[in-house]
Amino acid sequence: MAAISSVPFAALRGASEWRPSSTVAAVSGAVVLSARARRGSRSVVRCVATAGDVPPTVAETKLNFLKSYKRPIPSIYTTVLQELLVQQHLMRYKRTYQYDPVFALGFVTVYDQLMEGYPSNEDRDSIFKAYITALNEDPDQYRADAQKMEEWARSQNGNSLVDFSSRDGEIEAILKDISERAKGTANFSYSRFFAVGLFRLLELANATEPTVLDKLCAALNINKRSVDRDLDVYRNILSKLVQAKELLKEYVDREKKKREERSEIPKPNEAVTKFDGDLYSMRH
């Protein structure tokens, strides 16, 4: 698994040997993005679930999503979204939960990859907003923080990414805060979204050396084996989803071709009328 740190992010979508028996079954079995709570921190905005809070139920969160976005969603996507929403609900309302931009980057990355190819970009954005709003969080903040992390990472390299603790800056402060809280367990929870966020930082910084991920995890006080395992799970999810989307496309194309062929076959009455017309033309 250590080798994954040297693979470009786009390569996580590579095909696997797995072949789903059906499109819907492929997706429903693919999404296993950890019910463990997400880690998080942020120096400016914090969203913390305290012991005194009475969180909504999973059913209430799902209902909030359906109320916010009322249009039908193709089954290949809605199955994924429902599973993700349930799992993120459990992360969101865990007592140690705190929002942080690395987690946001990871979720935005996962969402954009899963929803790639959605029929409408406008609907895809609306679904994202409905999803995050259903969790009582700010979708605009997710997008803004993810973009901020991406821009920062593009200006880094493997060495500067790891040496964040020796520099000042907004993103550096966020990473320092995560590192401090990760030393303990009371104010820090880990999730696969966070692992994806870390890998996205490495990919954007062109940090392809496998040792960079080792050093970054050490600097953040994060278990490298957990990150390796979770990135492997994510890679498998994406490859399965690619397979499922290919099956869906093949099905749609096949059905479209059948409809076109049926429309070209004349109906019985039309065939008789055409024959009579041709016969009349031959006689005259």
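Only Lys, Arg, Asp and Glu carry charge here, each on its Cβ (+1 for the first two, -1 for the last two); on that basis segment 58-247 has a dipole of about 660 debye about its Cα centre. Rolling a 1.4 Å probe across all protein chains gives residue 224 an accessible area of roughly 40 Å². Note on segment 58-247: Lys pairs 8 or more places apart or on different chains, Cα atoms under 25 Å apart, count 24.
Divide the volume of the convex hull of the Cα atoms of segment 58-247 by its number of residues and quote the answer in cubic angstrom per residue. If you can, show how the numbers build up before the last one.
Numbers: hull volume 22.4 nm³, N = 190.
Per-residue hull volume (Cα only) is 118 Å³.
The values are calculated or read from the model by the stated rules, or taken from the named source; none is laboratory data. Bear in mind the structure is a predicted one, so any value in this text is a computation, not a measurement. Glycine gets a Cβ as well: all are built from the backbone with ideal geometry, and neighbour counts include every protein chain shown. Areas reflect the complete protein model, heavy atoms only, side chains present, ligands, DNA and RNA absent. Shrake-Rupley method; radii C 1.70, N 1.55, O 1.52, S 1.80 Å.
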